[in-house]
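A.B. asks: Handing you a structure now.
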Amino acid sequence: MSAEASPLPEKMTAAVVVEYGDGKDVVKTKDDYPVPKFAADQLLVEVRTASINPVDWKIVTGKMKLFVKRDLPFVAGFDFAGVVAAVGKDCTRFKVGDLVYGDAAPNGSGSFAEYLTVDEAKCAKPSEVQTWEERAGVPLAGLTAIQGLVTHGGLKAGQRVLVLGGAGGVGHFAIQIAKILGAYVVATGSESSKIFLQSLGADKFIDRNSQDWVKELSAEDDKVQIVFDCVGGHDHWERSQKVLVDGGIMVTIVGDSQDHALTVGSVLSTGASVIGRKIGSWFGDKKRYHFFLTESADLESLNQLTKWADERKLKTVVDKVYPIEDANLMFEASAAGRTKGKLILKVSEDSN
Ligand SMILES: NC(=O)c1ccc[n+]([C@@H]2O[C@H](COP(=O)([O-])OP(=O)(O)OC[C@H]3O[C@@H](n4cnc5c(N)ncnc54)[C@H](OP(=O)(O)O)[C@@H]3O)[C@@H](O)[C@H]2O)c1
């Protein structure tokens, strides 16, 4: 470790996962948790704000242990925004006092705490015009949206996009990004999300409870080039093929299973179905299928999101802000699956 600019505390306040289970029961805010040690290629960040993503509460349930195993106790959370408190000796891009934000997955020490260690390679300068709450909401959900639409979906101006699940963290960025890039956007959600989705720029709203998006979009002129699936489910690929133009693509971030358990069986069956759908497209199926995991070190995309935020083209809609003492309630709200935009954890006050 390099020498720090000023002495760092040894203990901090952190929302600690004390055992696997429901976040509301097993996340306890403690004020004597050890400040993490940073490696040569890492920053130590004084966290101002953090945001929860569904993966955080899924990890805490223990259902993802096969791939994301944490020794108890641990601090959850990947998205962060804060100020650099110390830099590892191999870091070159940041110095103490710089503003920083990013998606620390998977090596970060956990952002629901006063201090976080994160690989410098995952870090970017945040927007100058956003609040700390708005900044923390961007990285994971924003990266997922831009990668889904642009990197994997190949979105072009003038295309038609269907966003399944437009009101959540990823969906609300996806609608805005698709509009920035000149697409016509159809979004699904509950009736209670209609005005929200329209305010984000959705050209057409489909009520997920009273309407059938296949019926709404299967006429030749209504079909879309991209289905961006933020909901998942075993029938979404079959149904998406009916609304995709030839050559169109379904990009999913959830896949077939919605039960959030990553078991050997679920991974093998998802892998087999993905391979089957890929082979289908190599041998002439006219609709393509793509499942992906977010690339957290994609700084080009993160900087693009920051630029759009600075230009006030892209906003983070903050559904609710929780003080760190109530971190367990943030887990409960996220797991309920009704978030509109982002849920934010306020960790420390801004002194800048
Ligand atoms: N593959 C990856 O790397 C990756 C990355 C990020 C996220 N994900 C996954 O993607 C999913 C979405 O993430 P998120 O952060 O956007 O979640 P989120 O913020 O919790 O999404 C909540 C929203 O989902 C909407 N919703 C739920 N069921 C729906 C349905 N059947 N149809 C339409 N909308 C529905 C709800 O809207 P209404 O109230 O309007 O119904 C709610 O506002 C999660 O499962 C997450 O784990 C995967």
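The values are calculated or read from the model by the stated rules, or taken from the named source; none is laboratory data. Bear in mind that the values here come from a model prediction, so they are computed numbers and not experimental data. Counting neighbours? That spans all protein chains shown, and the Cβs are built from the backbone with ideal geometry, glycine included.
A.B. asks: Would you point out the residue of region 206-229, among those that are in contact with a strand residue (DSSP E or B) (Cβ under 6 Å, 6 or more places away or on another chain) and crowded, with 20+ Cβ neighbours inside 10 Å, that is farthest from G189 (Cα to Cα)? Talk me through it step by step, then tell me what you get.
C.D. replies: Of the residues in region 206-229, the ones in contact with a strand residue (DSSP E or B) (Cβ under 6 Å, 6 or more places away or on another chain) are 206, 208, 213, 216, 223-229.
Those still in the list that are crowded, with 20+ Cβ neighbours inside 10 Å too: 206, 213, 224-229.
Values: I206: 7, W213: 11, V224: 18, Q225: 20, I226: 17, V227: 14, F228: 13, D229: 12 Å.
The residue in question is Q225.
A.B. asks: Still on this structure: Identify, from the list S296, S334, the residue that is assigned to a loop (DSSP other than H, G, I, E, B), outside the structural domain of I249 (by TED's automatic domain parsing), surrounded by 22 or more Cβ atoms within 10 Å (Cβ to Cβ) and modelled with pLDDT of 95 or more.
C.D. replies: Details: S334 fails: assigned to a loop (DSSP other than H, G, I, E, B).
Step by step, each of S296, S334 is checked, and only S296 is assigned to a loop (DSSP other than H, G, I, E, B), outside the structural domain of I249 (by TED's automatic domain parsing), surrounded by 22 or more Cβ atoms within 10 Å (Cβ to Cβ) and modelled with pLDDT of 95 or more.
Residues checked against (1) of a type outside the set (F, W, Y); (2) surrounded by 24 or more Cβ atoms within 10 Å (Cβ to Cβ); (3) modelled with pLDDT under 95:
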{"position": "K37", "(1), (2), (3)": "yes, no, no"}
{"position": "D56", "(1), (2), (3)": "yes, yes, no"}
{"position": "F67", "(1), (2), (3)": "no, no, yes"}
{"position": "P73", "(1), (2), (3)": "yes, no, no"}
{"position": "F78", "(1), (2), (3)": "no, yes, no"}
{"position": "A81", "(1), (2), (3)": "yes, yes, no"}
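A.B. asks: If you don't mind, another one. Which is without any contact (Cβ under 8 Å) to a residue 40 or more places away in the chain and on the phi > 0 side of the Ramachandran plot, of G165, G182? Break it down into steps so the answer makes sense when it comes.
C.D. replies: On the way: G165 fails: without any contact (Cβ under 8 Å) to a residue 40 or more places away in the chain.
Unique residue meeting the criteria: G182.
A.B. asks: Still on this structure, please answer the following. For T49, are the conditions met, namely being in the same structural domain as A333 (by TED's automatic domain parsing) and within 18 Å of the chain's Cα centre (by Cα)?
C.D. replies: Working: in the same structural domain as A333 (by TED's automatic domain parsing): yes; within 18 Å of the chain's Cα centre (by Cα): yes.
Judged against the criteria, T49 is a match.
A.B. asks: Can you tell me which residue in region 17-59 is nearest to the ligand (Cβ to nearest atom), limited to those that are of a type in the set (K, R) and not in a loop (DSSP other than H, G, I, E, B)?
C.D. replies: So the first thing to find is which residues in region 17-59 are of a type in the set (K, R), and the list is 24, 28, 30, 37, 48, 58.
Remaining after also requiring not in a loop (DSSP other than H, G, I, E, B): 24, 28, 30, 48, 58.
Details: K24: 15, K28: 23, K30: 26, R48: 21, K58: 6 Å.
Only one residue tops the list, namely K58.
A.B. asks: Moving on. G171: within 11 Å of the ligand (Cβ to nearest atom) and part of a loop (DSSP other than H, G, I, E, B), yes or no?
C.D. replies: no
A.B. asks: Does region 185-219 hold any residues that are without any contact (Cβ under 8 Å) to a residue 12 or more places away in the chain and of a type in the set (A, V, I, L, M, F, W, C), and which are they?
C.D. replies: Correct list: I195, A219.
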